[in-house]
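Inspection log for the structure reproduced underneath, given as structure tokens.
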Amino acid sequence: MAEDEKYICSLSSAMKKMAEDELNEKDLSRDRDIQVLREKVKGLPGLNSRTDGGFLVRFLRTRKYNVERAFQLIQSYYKARTDAPEFFDNFTPSSVRHVLESGIIAVMRDRDKKDRRVMVFRVDKWDPVVIKLADIFKAGFLLMEKIIEEEETQVAGVTFIEDLAGMTANHVYYASSPTLMYKGYGAFQNAFPCRIKGVHYLNESPLFDGVFAIIKPVLSEKIKSRIRMHGKVYSTLHECLGKHVLPPEYGGDGPDYDDSVKLWTDRLMASEQDFINFNKKGFVAHGNLGTSATGDETMSGMVGSFKKLNVD
């Protein structure tokens, strides 16, 4: 893809209106804003970034066309790849194919009733002795990279389902790493061009309390306000997302869960070379690991900055 390739909008009329109403996107000024952001990115010493319009526009949309905040998000995005090698070293689908095929984390085939992508995490699919938590985060970031290529997802956002059925003490033990949780959840919120529109927990148990105590301080107030605990009552999940998007396991009318797992595993595996090429981008001279892209002094240059989250 050419570095300065012009952005061509593929949004429907309805999506264009959503982008204008919710994200301050305007046809007349979009190209100008992309060019201003491109010049900022090119002028940042030590950063070898993609600068094509299709890449830059996703950051502008996430930050509602505030160019300076979009620029800061791009810095955080690339810095995460240096500060969290657990997730971003060998950042390719083939490196976590076993995770993708396990169905621990998957994207549903269809969108919810508000046109958002739906990503599901299932504890009952996870053998923590066999599959590392860091690899689950990596698989999640790979899926997010793929779905955020979609303009509709950039505008409408993503909804998460966390299904805790089958959680055991062993899961809690392997998931109770504060540093890993801070880096993982922090990066999802503060270093990725994505609108997180909801987090839905299913089948919660007392065992989850300890894990949630680690996660909660990382979450922004906006994200906390978008969390819903459904327990075993799937009807409330249907009300939020629509039955059409959910698999039969959740009382939905959508395709089988395993069908969605295969669909998105195949899509990711077909994009292996794209990820290999993209991994050549990033900070060339990283500098002081003790300072985040926004100037915060942090542990490993990253974790502390996630305590001040600004999610749209």
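The values are calculated or read from the model by the stated rules, or taken from the named source; none is laboratory data. All of these numbers come straight from a predicted model, not from anything done at the bench. Because the Cβ atoms are built from the backbone with ideal geometry, glycine has one as well, and the counts that use them run over all protein chains shown. Only protein heavy atoms, including side chains, enter the accessible area calculation; ligands, DNA and RNA are left aside. Shrake-Rupley method; radii C 1.70, N 1.55, O 1.52, S 1.80 Å.
Among the listed residues Leu28, Leu37, Leu44, identify the single one that is without any contact (Cβ under 8 Å) to a residue 40 or more places away in the chain, more than 17 Å from the chain's Cα centre (by Cα) and not in a helix (DSSP H, G or I).
Leu44
Being under 20 Å from Asp258 (Cβ atoms) and open to solvent by less than 60 Å² (accessible area, probe 1.4 Å) is the requirement here; does Ser29 meet it? Even if it seems obvious, please write down each step before you answer.
On the way: under 20 Å from Asp258 (Cβ atoms): no; open to solvent by less than 60 Å² (accessible area, probe 1.4 Å): yes.
The answer is no for Ser29.
Is it the case that the stretch 110-121 has a residue that's at pLDDT 95 or above, open to solvent by 10 Å² or more (accessible area, probe 1.4 Å) and not in a loop (DSSP other than H, G, I, E, B)?
Yes, the stretch 110-121 has at least one match.
Return the only residue of Met181, Met144 being open to solvent by less than 50 Å² (accessible area, probe 1.4 Å), under 28 Å from Ser13 (Cβ atoms) and in a helix (DSSP H, G or I).
Details: Met181 fails: under 28 Å from Ser13 (Cβ atoms).
Unique residue meeting the criteria: Met144.
When you go through (1) more than 22 Å from Arg195 (Cβ to Cβ); (2) open to solvent by 60 Å² or more (accessible area, probe 1.4 Å); (3) not β-branched (Val, Ile, Thr) one by one for Glu239, which number turns out not to apply?
(1)
Val155 - would you say it is over 16 Å from Thr62 (Cβ atoms) and either not in a helix (DSSP H, G or I) or not aromatic (Phe, Trp, Tyr) (or both)?
No.
For the stretch 49-60, state whether one or more residues are touching a residue at least 40 places away in the same chain (Cβ under 8 Å), out of contact with any helix residue (DSSP H, G or I) (no Cβ under 9 Å at 6 or more places or on another chain) and open to solvent by 20 Å² or more (accessible area, probe 1.4 Å).
no
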